[in-house]
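*Asks:* Before I ask anything, here is the structure I am working with.
The values are calculated or read from the model by the stated rules, or taken from the named source; none is laboratory data. Not measured: the values here are computed from a predicted model. Cβ sites come from the backbone with ideal geometry, for glycine too, and all protein chains shown count toward neighbours.
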Amino acid sequence: MSKKIIVAGAGHGGLVAAALLSRDGFDVTVYEKQKREEMGYDWNDCMNPSVFDRLQIPRPSDEELLPFSGMNYLSPDCTRIVFDRRSQKSSFLGERKAILKRLIGFAEENGAKLCFGVTVGAAVVEQERVVGLETDAGRFDCDLLIDACGMDSPVRQSLPESFGILQRIPEAQTLYTFRAFYERTNRSKAFPTFTCCFFHNGSNTLDWMITETDYVDVLIASFGSLSDEVVQSSVADFRRLHGGFGETIVRGGQRSKIPVRRTLPIFVADGYAAVGDSAAMLEPLSGSGITVSVEAGTYLAQVAAGSQHNFSKADLWEFEALYFDRWLRMILRDDATRLLMQSMNYRQLNDMFLKKVITAKELCGDETPPHDRRNKALGVMTTPGVVPGLLHYTARLKRVDKLRERFPREYEEEKVRRWAKEYDRF
């Protein structure tokens, strides 16, 4: 008799895991609260489509992919542009609805059963093991529960504290966003295609403006909260700067939340594994998580298929090992940069841009060349109040490789908990 696997939520990583495990002969069911036709936000996000090629999933069509050629970063007062000239040929903006549609099809073609319109609730836990899932359609038992419900997963929030898995993402690590595609009204107006602005319009926001042929894609994002007044003010200021888009929203106009933090240190337990936003699997600085989540879904399927002890946490720990081996360095370096920028106020961050202490290299996680360090040090010393934050940033970067080296490759309770505490203190 095949093992029963439940995927709670039709997230990107969960769908990939469902497809691959079903193909390997497991009995896999996905429960998703949205209707099939409602799946996916009405906008695009950065991704690397080569991950689809590796999985032999039909990649999004050319019409569903837009090239991503680098980002222009504006200082808070919008007077200085730092341009990222790195090659971004492997990155594209992919339509989220199209991506999810293909992943849903991939899962069903491989035998997974998808049940839409079912609201997921708490995990069923017996004797320190997850054995099922509560839904508004009843209780369903399983040998393995894969949590792909997103950052506010009711499944993860219901887990016992003894599992050591973070139940709720703190507000300070939550990015509240508004995103809309506005009709482009003046195509002759020159402006950088991809533009990201920090502390835009005097607010504690991280906003972007992407100019396409027929529309201007505007994102307003803030940590902890985002009021209507801030959204309206920031959009109006972008409209003033750009001069090329009106007030008509042609797509989007929705709000969402992103867990902008480093991945949870522990996301497996006996009979349980989280993937995607449920485990904060994304790039902490950009919030992009499609590529990371899809790859993580393949790791989870590989480990679960080879489990020798009925999906024990000792077996599933290999999923964490594969994931962190691939992503840990990026996660920690990105998170260090995020924490540095959040430690500064409007004027301090503006000076860091103007004095070239923060450039595209730092924002993209690149190493600082030796010949730039003296000028950066001078810029830091002449900007009041930033030295403590920079010292913490430098100390964090020095700890990245140590954390990687200390990661416990085999599951031992004490070592895992000790490493998780060190990781949380990063």
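*Asks:* Taking into account only those residues within the stretch 1-44 that are at pLDDT 95 or above and hydroxyl-bearing (Ser, Thr, Tyr), which is surrounded by the fewest Cβ atoms within 10 Å (Cβ to Cβ)?
*Replies:* Per the stated criteria, the residue is Thr29.
*Asks:* How many residues are surrounded by 21 or more Cβ atoms within 10 Å (Cβ to Cβ), more than 17 Å from Phe426 (Cβ to Cβ) and touching a helix residue (DSSP H, G or I) at 6+ places or on another chain (Cβ under 7 Å) if we restrict to the stretch 242-285?
*Replies:* 8
*Asks:* Exactly one of these conditions fails for Ile146: (1) under 21 Å from the mean Cα position of the chain (by Cα); (2) part of a strand (DSSP E or B); (3) within 25 Å of Gly253 (Cα to Cα). Give me its number.
*Replies:* Evaluating Ile146 over (1) under 21 Å from the mean Cα position of the chain (by Cα); (2) part of a strand (DSSP E or B); (3) within 25 Å of Gly253 (Cα to Cα) leaves (3) as the failure.
*Asks:* Additional query: For the stretch 199-213, check the following and say yes or no: at least one residue is within 24 Å of Leu159 (Cα to Cα) and in contact with a helix residue (DSSP H, G or I) (Cβ under 7 Å, 6 or more places away or on another chain).
*Replies:* Within the stretch 199-213, not a single residue is within 24 Å of Leu159 (Cα to Cα) and in contact with a helix residue (DSSP H, G or I) (Cβ under 7 Å, 6 or more places away or on another chain).
Conditions tested, residue by residue: (1) modelled with pLDDT of 90 or more; (2) touching a Pro at 6+ places or on another chain (Cβ under 6 Å); (3) at negative phi; (4) polar (S, T, N, Q).
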| residue | (1), (2), (3), (4) |
| --- | --- |
| Ser188 | no, no, yes, yes |
| Asn204 | no, no, yes, yes |
| Glu212 | no, no, yes, no |
| Val230 | yes, no, yes, no |
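*Asks:* So, one more: Does any residue of the stretch 173-182 turn out to be in a loop (DSSP other than H, G, I, E, B) and not assigned by TED's automatic domain parsing to the domain that holds Ala273?
*Replies:* No, because not a single residue in the stretch 173-182 is in a loop (DSSP other than H, G, I, E, B) and not assigned by TED's automatic domain parsing to the domain that holds Ala273.
*Asks:* Out of the stretch 158-170, which residues are farther than 14 Å from Ala269 by Cβ and out of contact with any helix residue (DSSP H, G or I) (no Cβ under 7 Å at 6 or more places or on another chain)?
*Replies:* Residues satisfying the conditions are Ile169, Pro170.
*Asks:* Evaluate the stretch 297-314: report whether one residue or more is crowded, with 22+ Cβ neighbours inside 10 Å, in a loop (DSSP other than H, G, I, E, B) and modelled with pLDDT of 90 or more.
*Replies:* Yes.
For every residue, the table says whether it meets (1) more than 29 Å from Ile57 (Cβ to Cβ); (2) polar (S, T, N, Q); (3) buried (at least 22 other Cβ atoms within 10 Å of the Cβ); (4) in contact with a strand residue (DSSP E or B) (Cβ under 7 Å, 6 or more places away or on another chain).
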| site | (1), (2), (3), (4) |
| --- | --- |
| Ala107 | no, no, yes, yes |
| Lys113 | no, no, no, yes |
| Val130 | no, no, yes, yes |
| Leu133 | no, no, yes, yes |
| Phe140 | no, no, no, yes |
| Pro154 | no, no, no, yes |
| Ala172 | yes, no, no, yes |
